[in-house]
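Encoded as structure tokens, the structure appears first; notes follow it.
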Amino acid sequence: MQGLRRPVIEILSPESLARDQREKLHLYEQTGVLEYWIVHPVDKTISVFRRGQDNLYRKPALYTSEERIPVGVLPELEIDLAIVFAE
């Protein structure tokens, strides 16, 4: 399965927490999404799930507001989280 060439990004809310972290994670893994990002606006963190050689998501990389996220499907792009989470 080829998968989507772009990440899927979900922004958590109290109402979507369980659905985004369980149901959608499983759905995106099954349908071939290469990267799944979960934005935690209260914590100012982003969990990034990426596929391994076996096509399953690995343990997520956790990025904080002081870091930059490399975009796996666009290796030349990094996102500065200080800008994303600026108040």
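Computed quantities for the displayed model
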{"quantity": "The range 1-52, accessible surface, carbon-and-sulfur percent (1.4 angstrom probe)", "calculated": "56 percent"}
{"quantity": "GNM flexibility winner over the chain from Asp54, Asp43, Asp20 (Cα, springs under 10 Å)", "calculated": "Asp54"}
{"quantity": "Inverse mean reciprocal Cα-Cα distance (Kirkwood Rh) of the chain, Å", "calculated": "13.3 Å"}
{"quantity": "Cα centre as origin, Lys/Arg/Asp/Glu Cβ charges: the chain dipole, Debye", "calculated": "360 debye"}
{"quantity": "Trypsin sites (Lys or Arg not before Pro) restricted to the range 5-87 and DSSP loop, no more than 13 other C-beta within 10 Å", "calculated": "Arg5, Arg58"}
{"quantity": "Projected area, mean over directions - the range 3-45, Cα convex hull, nm²", "calculated": "2.9 nm²"}
{"quantity": "Sum of side-chain charges, Glu66 neighbourhood, beta-carbon under 15 Å (Lys, Arg +1; Asp, Glu -1)", "calculated": "-3"}
{"quantity": "Relative contact order (%) - the chain, alpha-carbon pairs under 8 angstrom, separation at least six", "calculated": "23 percent"}
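The values are calculated or read from the model by the stated rules, or taken from the named source; none is laboratory data. This structure is a prediction, so every number in the text was calculated from the model and none was measured. Using ideal geometry, Cβ is built from the backbone for each residue, glycine included, and neighbour counts are taken over all protein chains shown. Only protein heavy atoms, including side chains, enter the accessible area calculation; ligands, DNA and RNA are left aside. Shrake-Rupley method; radii C 1.70, N 1.55, O 1.52, S 1.80 Å.
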